[in-house]
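Have a look at the structure below, then the notes.
The values are calculated or read from the model by the stated rules, or taken from the named source; none is laboratory data. In this text the structure is predicted, and so the values were computed from the model without any measurement. Counting neighbours? That spans all protein chains shown, and the Cβs are built from the backbone with ideal geometry, glycine included. The area values use the complete protein model at the heavy-atom level, side chains included, leaving out ligands, DNA and RNA. Shrake-Rupley method; radii C 1.70, N 1.55, O 1.52, S 1.80 Å.
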Amino acid sequence: MIADRSVPTWVLTDVVRSALAWARLALERAGLRGVADVRCGFWSGWLHRLVEGVVGAGLAASWGTLMVYGGGASSYAPPSSYGVRLCSPGDATSIARVVNRAFSQYVWWHPVSPNDVLTRLRRAGTVCYVAVDEGGDVVGCVDASIYTALDGGLTADVGLLAVDPGHQGRGLGKALVSAVIEALARRGVRRVGVDSASGLEAFYRSLGFRERRRWVTVRVPIPALPQSIPTLEEWGSWSNTTRDISANS
Ligand SMILES: CC(C)(COP(=O)(O)OP(=O)(O)OC[C@H]1O[C@@H](n2cnc3c(N)ncnc32)[C@H](O)[C@@H]1OP(=O)(O)O)[C@@H](O)C(=O)NCCC(=O)NCCS
């Protein structure tokens, strides 16, 4: 969710409320229960507070930074006795295991299944590498999805970077990100972004990424999302009563 700060807060509140109501409708129609993660582009906290104003307080939130590759970083080879190779669909089960072990430290993590991984790998424009130990077992992974941006330039997002906790701190994370960046460059991708989890900014900085903006993800139980799409009359009455929560930001 990204919003233009120059738009009046009451308009944004109404837009957020109806966007979340549509999201609830879509999620419930798809038979989904549980929680939804609302990712907010984040500048000085106001959009995050606006979303909380709509859905209520007491929600888990996680923070991070959108970082963009600036080029010119050193290339990192895997440490000795490890290798990095392109992944294949047969790696899906091992990737799911490594990813779930590595991400279990985050309260916001939803475990992924081998099928989730396969779906991700089969998306058009996905590039994926795995790190393997000397026995050939998968101990790390990274993927990136390539898309054409509005200006026609090839762009990619790095995602799902994980190293098994038993193999962290040996240079595998850097080797994996290096491998995927080099593969993207060979495919003509000029812009690469990553959503860094909070605290990993220095790791990505050492790989040539620069901070662009902070984000926050607000976790909301689906039943706490606004329920119905507002009518024009409701829009009018909210507009008159909505407190301008930007006043204190
Ligand atoms: C992030 C991750 C992939 C790094 O893998 P790794 O193999 O341990 O990384 P490397 O050994 O290549 O470490 C490179 C550098 O990053 C630093 N680093 C690694 N993990 C870090 C962490 N969690 N917090 C802060 N710094 C970290 C290391 O200290 C090292 O610094 P140095 O080169 O100055 O010594 C791994 O910690 C992981 O799987 N974390 C859980 C999943 C995750 O957070 N994925 C990324 C989401 S954006």
Query raised in the report: What is the magnitude of the charge dipole of the range 25-153 about its Cα centre, with +1 placed on the Cβ of each Lys and Arg, -1 on the Cβ of each Asp and Glu, and no other charges, expressed in debye to the nearest 20?
Result: 280
Report summary line: In terms of the alpha carbon gyration tensor, root eigenvalues a ≥ b ≥ c, rounded if a/c is under 1.5 and otherwise prolate when a/b exceeds b/c or oblate, the range 71-207 is rounded
Report task. Take every Cα pair under 8 Å in the range 71-207 that's 6+ residues apart, average their separations, divide by the length, and report that relative contact order as a whole percent. Result -> 27
Report task. On the protein heavy atoms, probe 1.4 angstrom, tell me the percent of accessible surface of the chain carried by carbon and sulfur. Result -> 54
Report summary line: Accessible-area order for 48, 110, largest to smallest, probe 1.4 angstrom, reads 110, 48
Query - Between helix 46-55 and the chain: long-axis angle, C-alpha atoms, 0 to 90°, nearest 10 - result: 70
Query raised in the report: In terms of the ratio Rg/(2.2 N^0.38 Å) built on C-alpha atoms, what value belongs to the chain?
Result: 1.14
Report task. May I ask you to list the residues of the range 62-90 whose amide nitrogen lies under 11 Å from a point 7 Å from Cα along the Cα→beta-carbon direction of residue 106? Result -> 62-65
Report task. Can you work out the accessible area per residue across the chain, with the rest of the protein chains kept in place, probe 1.4 Å, in square angstrom? Result -> 52
Query raised in the report: Along the charge dipole of the chain, Cβ charges K/R +1 and D/E -1, which of 175, 207, 73 sits furthest on the positive end?
Result: 73
Report summary line: With the 8 Å Cα cutoff and a minimum separation of six or more residues, the range 57-125 has a relative contact order in percent of 32
Query raised in the report: Amide H to amide H, which residues 5 or more places from residue 192 or on other chains are under 5 Å from it, using H placed in the peptide plane?
Result: 69, 156
Report task. For residue 35, list long-range residues whose amide hydrogen, built 1.01 Å from N in the peptide plane, is under 5 Å from its own amide hydrogen. Result -> 222
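Could you give the dipole magnitude of the chain about its Cα centre, charging the beta-carbon of Lys and Arg +1 and that of Asp and Glu -1, in debye to the nearest 20? All intermediate terms of the calculation are to be shown ahead of the outcome.
Details: 26 positive and 21 negative charges, 58 e Å.
With Lys and Arg at +1 and Asp and Glu at -1, about 280 debye.
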Query - Positive minus negative residues near residue 62 (Lys, Arg vs Asp, Glu; Cβ under 10 Å) - result: +1
Requested in this report: Rank-order 179-187, 76-84 by packing density, defined as the average count of other C-beta atoms within 10 Å over each peptide's residues, highest first.
Outcome: 179-187, 76-84
Report summary line: Projected onto the charge dipole of the chain (unit charges on the beta-carbon of Lys, Arg, Asp and Glu, signs +1, +1, -1, -1), the Cα from 188, 163, 147 with the largest positive-side position is that of 188
